[in-house]
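Report on the following structure.
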Amino acid sequence: MRIVSTIFAVHLLVPSAVVPPKAIQTNMQGPRVIIAGATRVRAIVTGDGSEVYSSSFDLQVVLRRFVDDMQRPVLSFDSFNFIQNAIESSQGSTGKLSLRLLQAGTSVVINPTPTGDDIQASLRLSGHYDLIDRIVGYAGTGLQDADDYDSPSEEFTGTLRGRLVLPRIPGRPGGSLDLHQGELSLVGNGVLGAVRKISFQLHAPTTDLAPSPCSDGTMPLRRTLAVQPVYVRADPTDSTADQESYFATELAKANDLWGRCCIQFEAGSPAYLDRPTLQVITADPDPAATSAEETDLFDEFVDDDAVEIFVIESFLPETAHGGGASWGGGKATARIITGVNNLPGYQRHLAHLLGHILSLCHPLTGCSPPRSDASAGTIMGLSNFANDHPDTQSASNCLSAANPLLRYRFATCCPTPDDPKVAAALRDCWDVGISQKRSEREDQPE
């Protein structure tokens, strides 16, 4: 059966199911990409002591639409990225809570009506919040040059009921996604169980396009991830020219490699941290542990809308972490520490660490969801200090990349991984991660 891929990006979630041809809305014919935005949505949150709080969240969702040979549409839910503000649990402030889809392809039950499609979806989500990092901490691999420190997640289930209305002609206003009932519930006791249930309703106007698919069958889409450079210096008179040059060089290499997946890293204006004792970070003698100085650095600066990249002079010893490391890969609380002494020989160091931020582990690690093993022989392969990673990207890496902070947007961009024979796999399961957009950005076609 030949399948034509259509992707919906919606600020709501909707899964997939087959609808008889007579039930199809005329506005749902042909490939379409739809983005709906919802920010600062009010929610009722139940905490670990049955306390009830009022909070707010931002949400973005992706729906995929297929049309089979019988012209029957099949909807599947590809991505769900949810970012909620902190609540005060009995264990302390949760900090930012993020949820993302554990499995693409969740089905959408559709009940067509003259005014739109009633939809219903059940989801499995991976959840994480700052309090887990503070209480439980991170775990490294234990390798001598460990550069990937994970943090545990909690599992949530989601039940959504609502209505999806699309404009008759792509690109026209008038579409909307309304969620009349949304409920996200913790599975079991979780790691800390500080958040038990989130209940909400949602209305999101939609914007949509009907682009021509790429040659490999995917849609011309782009994902962006906001990154925040933080330069550690002695005092305001201390020059950060070397750090700024280092970051620019490394970020350009990262955007080259991940640009082959249509993923772009967008840097915010630099932040400066005046901490002379943290310009050189002492690593823990145990390669599986995070040192006190690394933890101190994380506590000094937090950006809820971006991945913090702390640029220091070096580690002590110089070869610790292979020159830098990531913490909390695949989560909205992820951060990186990297040293300027990686150059000139280690120009793809940041590209590798950002791969961890995108939820990828080293090849053959045996990672379990919500993270995935990367492809061998690519930018995610193991390396040593001052020995660069391969200048190679894979379709599998592109598919597996995910983070709740990823933002989905319309763009003329088709994946160009370095294994074209494998790239065709993107046709049927392109996981378009969406992200929490930074407040100053707006969704607009590029």
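Just so it is clear, none of the values below were taken in a lab; they were calculated from the coordinates. Since the model is a prediction, treat every value here as computed from it, not as a measurement. Virtual Cβ from ideal backbone geometry, glycine too; neighbours counted across all protein chains shown.
Structural remarks
- Cβ-Cβ FRET estimate between A252 and E300, R0 fixed at 41 Å, reported to 0.05: 0.95
- Each 10 Å bin, from zero up to the one with the longest distance, holds this percent of the alpha carbon pairs of region 221-429: 9, 36, 38, 14, 3, 0.
- Region 221-429, relative contact order [Cα under 8 Å, separation at least 6], %: 24 percent
- For region 275-288, putting each phi into the Karplus relation 6.51 cos²θ - 1.76 cosθ + 1.60 with θ = phi - 60° gives couplings of 9, x, 6, 10, 6, 10, 9, 7, 7, 6, x, 7, x, 8 Hz, in residue order, rounded to whole numbers and with x for Gly and Pro.
- Diffusion constant of region 147-193 at 25 °C, which comes from Stokes-Einstein with the Kirkwood Cα-pair radius and 0.890 mPa s, µm²/s: 173 µm²/s
- Burial ordering of K96, K331, K253, fewest other beta-carbon atoms within 10 Å first: K253, K96, K331
- Residue by residue, region 123-130 carries 3J(HN,Hα) couplings of 10, 10, 10, 9, x, 7, 8, 4 Hz when phi is fed to the Karplus relation 6.51 cos²θ - 1.76 cosθ + 1.60 (θ = phi - 60°); x denotes Gly or Pro.
- Volume of the Cα convex hull of region 89-198, divided per residue and given in Å³: 162 Å³
- Pairwise label distance in nanometres, V136 with I44, each label 7 Å out on the Cα-Cβ vector: 2.8 nm
- The convex hull built on the alpha-carbon positions of region 200-316 has an orientation-averaged projected area of 12.0 nm².
- Per-selection Rg to Rh, region 277-376 - Cα, Kirkwood hydrodynamic radius: 0.95
- Cut-off under 5 Å, modelled amide H: who pairs with C262 long-range: T416
- Look at D286, D299 and count the other Cβ atoms within 10 Å of each Cβ; fewest to most, that gives D299, D286.
- Ellipsoid fit via the Cα gyration tensor, region 169-242: semi-axes of 37, 30, 15 Å, each the root of five times an eigenvalue, largest first.
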